[in-house]
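The values are calculated or read from the model by the stated rules, or taken from the named source; none is laboratory data. Just so we're clear, the structure is a prediction, and the values are computed from it rather than from any experiment. All Cβ positions, glycine included, derive from the backbone under ideal geometry; neighbour counts span all protein chains shown. The protein model used for the area step is the full one, side chains on, heavy atoms only, and it has no ligands, DNA or RNA in it. Shrake-Rupley method; radii C 1.70, N 1.55, O 1.52, S 1.80 Å.
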Amino acid sequence: MHLRNRLLHCLSDGEFHSGEALGASLGISRMAGCKHLKGLREAGLEFEIVRGKGKRLARPRELLDAAQIRSALASETRDVLGVIEVFLELESTSNWLRERAQQDAASASVCLAEMQHGGRGRHGRQWVSPFAANLYLSLLWRSDQCAASLGGLSLAAGIGLVRCLQHFGVHQAGLKWPNDVLVDGAKLAGILVDVSGEVSGPCTVVIGVGINVDMPPAAATGIAQVWTDLNSLTGSAVVSRNRLAATLLDELLPVLQAFDAGGLQPFMEEWRQHDMLAGQPVNVSLPDRTVSGRACGIDATGALLVETVAGRKRFAAGEASLRSRP
């Protein structure tokens, strides 16, 4: 086990530990232990320090574990899932999977990381990824469909994510086209889908999912929008990220299989139930302009429909946001 993992396991038992005791447990000097503790603080972990007692994690942390995730999966998911790789740090779980896809990695391979240095949201925005706080998971999917048929895949994946959250008592989540999950206007999770392949198919898809689980406020100072996390919504001290990962895969894989078989149509009604933009005044930001109007749902390809002064418009890409009513 990596030294940082061992250090975290020692600290996450809820007890105070002196520098000398930590060093002895890990077989390192007190100075080396302090160096690793500094690295954990820089990664976003907060410590409670009491003179004469030592230090402990201010909030409990459950580390990701591939074996625990696999054991928590439904048998149907376990039968089709590829490898599960868990890393302490990565530039990006999706980038890692894209590289492995070029090396013939199997479909339904999964990558998770405790921390990302280059996690991405839409339009190249950074996805804030503090250490061992949230869930950063990417899934590789190989589809026989052509790229043009996969336009609504991120919307279908959003349905899988909402279903997953319902298992944890979050029933009020809304979907904001094309890939955000919000609760009462605050962002809880997001999806980023990358498709590559021939125009006529088959295609390789990497689906990246980020879920705020226990976001440290200090790490969230760079987030430019209102956010929330699972622990706040559920009132739980600790939501198990291993169980969360397994539940997400249990919901996401059947969605992908159903999408390959029938496209977005099987998910249209469920999307409408969670569509937080429908009937609302919106702005759609495009590379060269912004279009205003009233959102009217989505079409069978996953495009956003907006009623404007010039008539109904269809947007296959762009950034939609609610605007204040006049």
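For E85, the residues whose modelled amide H falls within less than 5 Å of its own, excluding neighbours fewer than 5 places apart on the same chain, are V110, C111, L112.
Applying the Karplus relation 6.51 cos²θ - 1.76 cosθ + 1.60 with θ = phi - 60° to the range 288-300 yields 3J(HN,Hα) values of 10, 5, 10, 10, 10, x, 10, 5, 10, x, 10, 9, 5 Hz, where x marks Gly and Pro. Between the labelled values [x] 1.07; [y] 1.53; [z] 1.17, the entry that holds Cα Rg over 2.2 N^0.38 Å as derived from this structure is [x]. The HN-Hα couplings worked out from phi for the range 58-74 by the Karplus form 6.51 cos²θ - 1.76 cosθ + 1.60 (θ = phi - 60°) are 5, 10, x, 10, 9, 7, 5, 9, 4, 5, 5, 4, 4, 5, 8, 6, 5 Hz, whole numbers, x standing for Gly and Pro. Taking 0.36 nm per residue of sequence separation and removing the Cα-Cα distance, the S25/A148 pair yields an extension gain of 38.7 nm. Across the chain, how many lysine pairs, 8 or more positions apart or on different chains, have C-alpha atoms separated by under 27 Å? Please give the number. Lysine pairs satisfying the spacing and distance rule in the chain number 7.
I need the GluC sites (Glu not before Pro) found in the range 189-277, filtered to DSSP loop residues with at most 14 other beta carbons within 10 Å of theirs.
On the way: sites: E198, E251, E269, E270; in loops: E198.
Qualifying residues, ordered by number: E198.
Working note: Cα atoms of the range 11-164, range along each principal axis, descending, whole Å: 63, 37, 32.
Loop-located trypsin sites (Lys or Arg not before Pro) in the range 226-309 (DSSP state other than H, G, I, E, B) with a sparse environment of at most 12 neighbouring Cβ atoms within 10 Å: R289.
The gain in end-to-end length when the F87 to V238 segment is fully stretched comes to 52.3 nm, 0.36 nm per residue minus the alpha carbon separation. Quick one: Debye curve from the alpha-carbon atoms of the range 24-113 only, equal weights, vacuum; give me log10 I(q)/I(0) at q = 0.21, 0.22 Å⁻¹ to two decimals. Each listed q corresponds, in turn, to -1.07, -1.12. Accessible area per residue for the range 139-296, computed on protein heavy atoms with a 1.4 Å probe, is 38 Å². Between the helical axis of 241-262 and the dominant principal axis of the chain, each derived from Cα atoms, what acute angle in degrees is found, rounded to the nearest 10? The angle comes out near 20 degrees. Computed over the chain, the per-residue total of -39500 (n - 2.57) for DSSP H runs of n ≥ 4 gives a 222 nm mean residue ellipticity of -9000 deg cm²/dmol, rounded to 500. With the simple spin-label model, which puts each label point 7 Å out from Cα in the Cβ direction, the R314 to E42 separation comes to 5.2 nm.
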